[in-house]
Structures are given as C-alpha cells and as structure tokens.
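The values are calculated or read from the model by the stated rules, or taken from the named source; none is laboratory data. Note that the coordinates shown come from a computational prediction; the quantities given were computed from them, not determined experimentally. For neighbour counting, all protein chains shown are included, and Cβ atoms are generated from backbone atoms with ideal geometry for every residue, glycine included. Calculation scope for accessible area: heavy atoms of the full protein, side chains included, ligands and nucleic acids excluded. Shrake-Rupley method; radii C 1.70, N 1.55, O 1.52, S 1.80 Å.
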Amino acid sequence: MAMAAARKATSSTAARSAAARLGQTMPRSSGTRAFSVSEEDKLAREAIGREIQQKKEELYDVIAKAEQSFGTRSFQNMRLLQHLSVQVNPRPWDWEWRHLRFSRRVNSVLEMAGFFSLGCMGAHWSKKYKKLREAREELRGLEEELRVLKEEHEAGEWGRLVSD
C-alpha cells in the first residue's frame, strides 16, 4: 500500500516536472512548430495522459459511489457522471455506467435535434418576417396614396377632375 502511494507520488512529481520541461523546451515561435520531439517529451506527454485518465476514473468512481450510497442525485453530479461515463474505460458489468452512457448519447442526439429545429424555425420565421416587412412597406405606400387623395378631395380638386 505504501509502495503504491510512493509510486503514485513519484509518477505525479515526474509528470509535473515533465510538464514544466515541456513548456521550457518547446520553442515558442509564431507560425512554425518544432517537428522533432524527443523521446523524453513523448514519455512525459504519455505520463500526463495516463495521469489525467486515472483522475477521470477516480472521479467517476467517487461520484458514482456517493450517488449510490447517499442518494444525492444533484443535476450537476449526474451531468458530470454522464460526461465521464463516455471518457472512462468501458465497464460493461456496471449497469449504472451503461445507463449513464446511454443517457449521454440520447442527450447529445436531442441537443443536435434541438439546434437543427431552432435553425429551421429561424429560417422559416426570417422568411415570414421579410414578407411581413414588405407588406408593411406596401401598406405604408397605400396609406400615403390615400392621404394624398383625401387631401385632394378636401381641397375640391377631386370634383374638378371628375367633371372635366
């Protein structure tokens, strides 16, 4: 047990120092990238990737255990579990993992369907709005013609035009 904790602390320290070296050894130039990556840098990136994956697994386990043990079904925890269920290693024996992974897939499909529907509705209503705007402009033109005709009628010019 102590050996595993020491190994974990050592790998964590090695990953942090590797990350620091990555920031220092990679040249920061505008537009160009260094194509030669040393073996040490590759190993450091892999170590960081493994540590991140391990933290995801641990976080999934902790939240899932808390949800099952204490029944704290908060929305934020469930969404986080859904996101993590897609990113952790497959657990086909775990029914909760299967349910969360399926619900995440369903949520993704529903989100895409919602965005698509909103886009279609927006396009449809923009056409309707354009027609409405054109109709208002035409109505304003007709109102202006009517106002001019009324003014002419009140001035008596209408009667003279009809009698001529």
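Observations on the structure shown:
- In segment 84-107, the residues that are open to solvent by less than 90 Å² (accessible area, probe 1.4 Å) and over 13 Å from GLU57 (Cα atoms): PRO92, ASP94, GLU96, LEU100, ARG101, SER103, ARG104, VAL106, ASN107
- Subset of segment 69-83 [of a type in the set (Gly, Ala, Ser) and farther than 18 Å from GLU58 by Cβ]: GLY71, SER74
- Boolean, SER69 is of a type in the set (S, T, N, Q), at pLDDT below 90 and under 30 Å from the mean Cα position of the chain (by Cα): no
- Residue list for segment 67-82, filter: open to solvent by less than 60 Å² (accessible area, probe 1.4 Å) and assigned to a helix (DSSP H, G or I): GLU67, ASN77, MET78, LEU81, GLN82
- Residues of segment 108-137 satisfying the condition of being open to solvent by 70 Å² or more (accessible area, probe 1.4 Å) and within 30 Å of SER85 (Cβ to Cβ): VAL109, LEU110, GLU111, MET112, PHE115, PHE116, LEU118
- Among the residues of segment 46-61, none is identified as touching a helix residue (DSSP H, G or I) at 6+ places or on another chain (Cβ under 7 Å) and open to solvent by 100 Å² or more (accessible area, probe 1.4 Å).
- Residue check for ALA64: surrounded by 10 or more Cβ atoms within 10 Å (Cβ to Cβ), small (Gly, Ala, Ser) and either modelled with pLDDT of 90 or more or in a helix (DSSP H, G or I) (or both): yes
- Residue list for segment 83-125, filter: touching a residue at least 12 places away in the same chain (Cβ under 8 Å), of a type outside the set (D, E, K, R) and assigned to a helix (DSSP H, G or I): HIS83, LEU84, SER85, VAL86, GLN87, TRP97, LEU100, SER103, ASN107
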